[in-house]
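S.K.: Quick one: this structure, given as structure tokens, is what I'll be asking you about.
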Amino acid sequence: MESSFTSKDTYRSHFNPRDYLEKYYNFGPRHSSENQILRHLLRSLYKIFCLGDVKGDLLIDIGSGPTIYQLLSACQSFKEIIVTDYVDQNLQELKKWLKKEPGAFDWSPVVTYVCDLEGSRVESWEKEEKLRQAVKHVLKCDVTQSQPLGGVPVPLADCLLSSLCLDAACPDIPAYRRALENLSSLLKPGGFLVIVDALKSSYYMVGEQRFSSLSLSREAVRAAVEEAGYTIEQFEVIPQSYSSTVADNEGLFFLVGRKLGRSDDMV
């Protein structure tokens, strides 16, 4: 299995962030599985960060890719955010949006949807500015390393968020568990772990390029998370799949966990 798993070099040379954004996050009126999934993601993230108790000072987003949808509700509950990814072109795409450079991806339809969910009276551009102000660093990240941020000094986070990342980074379940253990070094004892990922997916498409995915069952995820030193507080499955031409998943899951231990300086 590992030999056919998409390598880091392939991501560096063949992952096109604009193709990815246009396929999965082009949030228009057209009815598609991708748009349905994005609505599910935004609603679930809203519930976690705005209606739940997942709050604090610092959130680190692990494997942000070129996307910001996952942070729109989170920026209501965290004062500072660090975004990270392994692929340099994804980091450049994020910086382009953060700096409002020409050609940056237009997230305004997604932002408007989140503002409506939150019952906010602010305009979408105000929401975007709030997120831009919250993002303090854009960093390289490799979850397969014991120091995922390469030793860059950052405070321990109150929350780690990872959306649609770990299944693409880990070739097997032991590697998945090790990645969770590696990430634990960035999180306060008692801090939150929020994971969003696909279930039973072996691949996904970006343009004409096929990328492998670790096929995760809910049982395997639960076991790996607990073995890596977290308790699970919430596990929700969304029975919605992507279009058959772009992926072969059997739904998605949301997990909220806590790192074992206590911290007096938790918010």
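S.K.: Report, for the chain, the % of DSSP beta bridges that are antiparallel, rounded to 5.
M.R.: Details: 20 of 40 bridges.
So the antiparallel bridges in the chain amount to around 50 percent.
S.K.: Normalized C-alpha radius of gyration of the stretch 26-158, against 2.2 N^0.38 Å? If you can, show how the numbers build up before the last one.
M.R.: Details: Rg = 14.8 Å, N = 133, 2.2 N^0.38 = 14.1 Å.
Against the empirical 2.2 N^0.38 Å value, I get 1.05 for the stretch 26-158.
S.K.: Using only the alpha-carbon atoms, what does the stretch 198-249 span along each of its principal axes? Please give whole angstrom values in decreasing order.
M.R.: Its Cα atoms span 39, 20, 13 Å along the three principal axes.
S.K.: Given the rule -39500 (n - 2.57) for each run of at least 4 DSSP H residues, summed and divided by the residues of the chain, what is its mean residue ellipticity at 222 nm, to the nearest 500 deg cm²/dmol? Mind showing how you got there, number by number?
M.R.: On the way: 9 runs with 87 residues, N = 267.
The per-residue figure over the chain is -9500 deg cm²/dmol.
S.K.: Given (i) 28, 20, 19; (ii) 32, 21, 17; (iii) 24, 23, 19, which label gives semi-axes √(5λ) of the Cα gyration tensor in Å as computed from the coordinates?
M.R.: (iii)
S.K.: Given an 8 Å cut-off on Cα distances and at least 6 residues of separation, report the relative contact order of the stretch 115-233 as a percent.
M.R.: Values: 139 pairs, mean separation 27.5, N = 119.
For the stretch 115-233, the relative contact order is 23 percent.
S.K.: Give me the lysines in straight-line cross-link reach of Lys79: C-alpha distance below 20 Å, same-chain residues under 8 apart excluded.
M.R.: Lys47, Lys55, Lys95, Lys99, Lys127, Lys130, Lys136, Lys188
S.K.: Sticking with this structure for a sec: At what distance in nm do the modelled label points of Ser4 and Gln145 sit from each other, each positioned 7 Å from its Cα along Cα→Cβ?
M.R.: That separation, rounded to one decimal, is 3.0 nm.
S.K.: Oh, and also: Over the Cα atoms of the stretch 120-267, what radius of gyration and what Dmax do you get, in Å?
M.R.: Answer for the stretch 120-267, Rg first and Dmax second: 16.6, 50 Å.
S.K.: Give me the orientation-averaged projected area of the Cα convex hull of the stretch 1-58, in nm², one decimal. Show your work: numbers first, answer last.
M.R.: Values: hull surface 28.5 nm².
In nm², the orientation-averaged hull projection of the stretch 1-58 is 7.1.
S.K.: How much area per residue is accessible in the chain when the probe is 1.4 Å and only protein heavy atoms are counted (Å²)?
M.R.: On the way: 11740 Å² over 267 residues.
I get 44 Å² per residue for the chain.
The values are calculated or read from the model by the stated rules, or taken from the named source; none is laboratory data. Predicted model, so just to flag it, every value in this text is computed and none were measured. Ideal geometry is used to build each Cβ from the backbone, glycine not excepted, and the neighbour counts take in all protein chains shown. SASA here: full protein model, heavy atoms, side chains in, ligands and nucleic acids out. Shrake-Rupley method; radii C 1.70, N 1.55, O 1.52, S 1.80 Å.
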